[in-house]
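Supplied in structure tokens, the structure appears directly below.
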Amino acid sequence: MAAKIRAGAGRPLITTSPSIGGSFCSCPPPARQSRCAARQCKSFGNVSSRRRPRDYGGRMRLILLVGIAAVGLVPAAFAASPTGKTMQATLTGRAEVPRGPTTASGGVTVRVTGPRRVCWTFKLGRVAAPTAAHIHRGDPGQRGPIVIPLGKAYRATGCAAAPAAAVIALVKHPRRFYVNVHNARYPGGVVRGQLHKLG
């Protein structure tokens, strides 16, 4: 808003200008017009207004871009969550390395119930006195390290804490992991099977 005050029909005495932060200029003496636009001091009128146009279009575009980015993150976050995934494996003595008894068999279902938690259910046949069970990283025919112990001692059903990185890798590439069960006679493993996604 630029406002001018004048006396009678003469030139303006005082001009306010938003371009200089609302400061006042005394315009009549020409030598003091350096901070006022000459065209403002020479023009006549009681009050004049000048408004800088607002860039509503730019603001709306920014809001839309932020909204689209936020919406795009929602499905990605759900897709990245491992919770609720279920895997299974068919267990046999033939698959173990070194090979276990050919008569031993079984199955296991592994469920991810949290970012750092897995649960399992075993059904074994002709496996005498199982002592422990684990999820290992390894391809078929190869022995690999334990990544998730399924309890401190063997239990047919149970849940246990697991490293978050191991859970994510397990859900993403279950066939790169296997489950095996141990007993006193076969400490390296009596039955084993590669995991795969259920369904």
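Every read-out reported here was derived from the displayed coordinates using simple, explicitly stated rules and does not represent laboratory data. These figures come from a predicted structure and were not determined experimentally. Neighbour counts are summed over all protein chains in view; Cβ atoms, including those assigned to glycine, are modelled from backbone coordinates with ideal geometry.
Please get the size of the charge dipole for segment 86-197, origin at its Cα centre, with Cβ charges of +1 on Lys and Arg and -1 on Asp and Glu, quoted in debye to the nearest 20.
In debye, rounded to 20, segment 86-197 gives about 120.
How far, in nm, would the chain grow between ARG176 and VAL97 when pulled straight, counting 0.36 nm per residue and subtracting the alpha carbon separation?
26.9 nm
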